[in-house]
Amino acid sequence: MKWSSYAEHPVALGSFRSWMRLLWCRECRQGIDKAYIPRVLFVSLTTLLTSPLRLWEWFQYGRAIKRTLVHPSPVFIIGHWRSGTTHLHNLMCQDKNFGYVSTFQAMASGFCIVGDKRIKPALAKLADRRYTTRLIDNIPLALDAPQEDEFALATLSPYSFVHAFTFPKHAASFFTRYVLLEGISEAVRARWIRTYLAILRKATLRNGGCRLVTKNCGHSARIRTLLDLFPDAKFIFIHRNPYEVFLSTIHMHKTVIPRSQLQDADPDQIEGRVLKFYTQLMQRYLSDRSRIPEGNLVEVRFEDLEASPLDQLRHVYELLGLPGYDVASPKFRLYLDSVSDYKKNAYEMNDDIVAKVNEHWQGAFDEWGYERLEVSPRVLGN
């Protein structure tokens, strides 16, 4: 394992205090495999060495961040991982009426303001040398691009599902506690809320007070909490063909775990976790969506967004009462032209996968009308 690969850990530029708390949590104390001790030391060192930057940012901007008011009606893009949330998020963020959590803020949430002029360009050069696209889906990689704010949560606290990739043996526990928000104390829930609001305030400040459009797949199960914070929040739920979601999510886990793990992971268990987590996430979303006020939720079919993105985006703006579509439409077109040569990953699907998805995700076929496949070999795209 090369030292340079350790920098890919999602918490490498995060809070040293949070990292120490994560390593001391009950699941993590049960074992870090010896092969990953160098990764532990590397992340411990990088989080420690960047602590002065976080302290400096707190002294310089702490009061301004606390005074910053988040728009009372942010837009939350939700849906299961690999359902098209990134594409929709990138597209909507071309509208300059919206602000967002950037990749740099997600990576270095504690010092993204003071590090904007020097640290970010240096990181951009390093990233360009290694990758020009995301490893999981070939989407162009840029530090100023929109990013899922769950990664910012992971850099600032131990209360994030992202840590399931670091401790894959306990993925179910992280999912239950920090996606479903079950089995946690009120104190932990309060700290989760406080950390998340700090992320949104900082993003609002960095974006000049703009209304935020954020993407977080875990929020599909956190609707109640988000409505407690923002009763007039807007939600865009995107869904996709379950077979493609399954194959792409398996690929995501197999790509991210080797770059994050501190424990050996059993590849045979990944499929079972994906099947279970999808079911739990969708059940929670379907049970809670009725809590969202009328006119504040729109559901989008990824296949329709892919086929006619501008029509679907106009539909989203109209249903949610979002202003500015006509002004932003030239930017939408430019972005779509820039990704017109994007090539999906291709996955081969066998009879066993068809049978598993049909059995476990029947609710998705029933709810959104996707066609169930018969058992036969096929190739699907990511």
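Here, each number is a calculation from the coordinates, and none is a lab measurement. Computed from a prediction, not measured in an experiment: that's the story for all the values here. Please note: Cβ atoms are built from the backbone with ideal geometry, for glycine as well, and neighbour counts cover all protein chains shown.
Brief remarks follow.
- Hits among lysines - C-alpha to C-alpha of residue 254 under 25 Å, sequence gap 8 or more where chains match: 2, 34, 169, 215, 276, 343, 344, 356
- Diffusion constant of the range 250-373 at 37 °C, which comes from Stokes-Einstein with the Kirkwood Cα-pair radius and 0.692 mPa s, µm²/s: 181 µm²/s
- The modelled label-to-label distance between residue 290 and residue 44, using points 7 Å beyond Cα along the C-beta direction, is 5.1 nm.
- Considering only 307, 221, 239, the residue lying farthest towards the positive end of the dipole of the chain is 221, judged by Cα position with unit charges set on Cβ.
- Label point distance in nm, residue 125-residue 276, each placed 7 Å from Cα along Cα→Cβ: 4.6 nm
- Among 100, 196, 347, the largest mean-square fluctuation in a Gaussian network model of the chain, built with springs joining Cα atoms closer than 10 Å, belongs to 347.
- Antiparallel DSSP beta bridges within the chain, percent to nearest 5: 30 percent
- Contact order normalised by residue count of the range 3-381, Cα under 8 Å, 6+ apart, percent: 23 percent
- Extent along the principal axes, Cα only, for the chain: 55, 49, 44 Å, with the longest axis given first.
- Net dipole in debye of the chain [+1 Lys, Arg Cβ; -1 Asp, Glu Cβ; about Cα centre; nearest 20]: 2060 debye
- As computed over the range 306-369, the Cα convex hull volume per residue (Å³): 121 Å³
- Of 210, 112, 25, the one that fluctuates the most in a GNM where the chain has Cα springs shorter than 10 Å: 25
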